[in-house]
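These notes concern the structure reproduced below.
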Amino acid sequence: HARELAEQGARVVGVFWKKDKEKYQAQISYKGADVNLGKFESRVDAIVARLKAEVEKYEGRRPNPAPVKPKAKPIGVGMSAQELGEYAKRKVEQGAEVVGVSWHKTAGRWKVSIGYEGAVLNLGFFDYADKAIVARLRAEVDKYEGRRPDDAGELRAAEVLMGFSGFIEAAAATPMTTTARKGKGKRAKDAGNRRAKANKRQKGDA
């Protein structure tokens, strides 16, 4: 039943995605307090924990958190650079979703992120999905082995988002050069002379 709910994308009370942990969390209210049932890699497992807790609560028992599972080893552990690349390409060909890899519409590139010590680290933007997946896989290995995932992006977000509007703002903030000021003053003077001549002709005609 839990798998069916997950495949349908049905909303399940007490089951939600924890962005900073990059896991699904399950919880239930019991005697006025929220009981944390655990965090799970898959939504199916989180739904199962919630359903079991509902049965326990109905039968008058306090819902118990799910047993903590051993830390899962990332798929990229032990892979060479070539193997990581081949794995990433297969994922792209399959059209499979990869946690932490998403298309950034504004940047027009693939964005990569990972949860680390309660925060979400931005690992950069990539032109190609397979390169983005490789960056994510390497970050998972770093995290698993106790290292802080590095910024592996090809382009900083600020550079992408700044775009043409940033160029206009920078140009507007740039002081006018002496040559430009002289040119502007000369154009204003010429315009004034033309207006004076036109007024003189109008008086002569009158």
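What follows draws every value from the coordinates through simple rules; no lab data is involved. Because the structure is a prediction, the values reported are computed rather than measured. All Cβ positions, even for glycine, are placed from backbone atoms using ideal geometry, and neighbour counts span all protein chains on display.
Data for the structure
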read-out	value
Sparse-neighbourhood loop sites, chymotrypsin sites (Phe, Trp or Tyr not before Pro) in segment 66-130 - DSSP loop, at most 15 other Cβ within 10 angstrom	Y128
Rounded to whole Hz, the Karplus (6.51, -1.76, 1.60) HN-Hα couplings of segment 7-13, x for glycine and proline	5, 7, x, 5, 6, 10, 4
Using a Förster distance of 25 Å, the FRET efficiency for K105-K18 (Cβ separation, nearest 0.05)	0.55
Per-residue ³J(HN,Hα) for segment 130-145, Karplus 6.51 cos²θ - 1.76 cosθ + 1.60, θ = phi - 60°, Hz, x for Gly and Pro	5, 5, 5, 5, 4, 4, 5, 4, 5, 5, 5, 5, 4, 5, 5, 8
Label-point separation, E93 to Q8 (7 Å along Cα→Cβ), nm	3.5 nm
Gain on full stretching of the segment that runs from R62 to N122 - 0.36 nm per residue minus C-alpha separation	17.6 nm
Dipole of segment 2-58, positive direction: furthest Cα of V35, W17, I47, with charges on the beta-carbon	V35
Filter on K31/K71; K31/K52; K23/K73; K21/K111; K18/K57; K21/K143 - keep pairs with C-alpha separation over 20 Å	K31/K71; K18/K57
Computed P(r) (all Cα pairs; segment 2-58; 10 Å bins; percent)	26, 55, 18, 1
For segment 32-39, Karplus couplings with θ = phi - 60° (6.51, -1.76, 1.60), whole Hz, Gly/Pro x	x, 10, 8, 9, 6, 8, x, 10
Sorted by Cβ neighbour density within 10 Å, fewest at the top, the residues K19, K89, K143	K19, K89, K143
Three-way shape call for segment 81-161 based on the alpha-carbon gyration tensor, with the a/c threshold at 1.5	oblate
Alpha carbon convex hull of segment 41-134, volume per residue in cubic angstrom	150 Å³
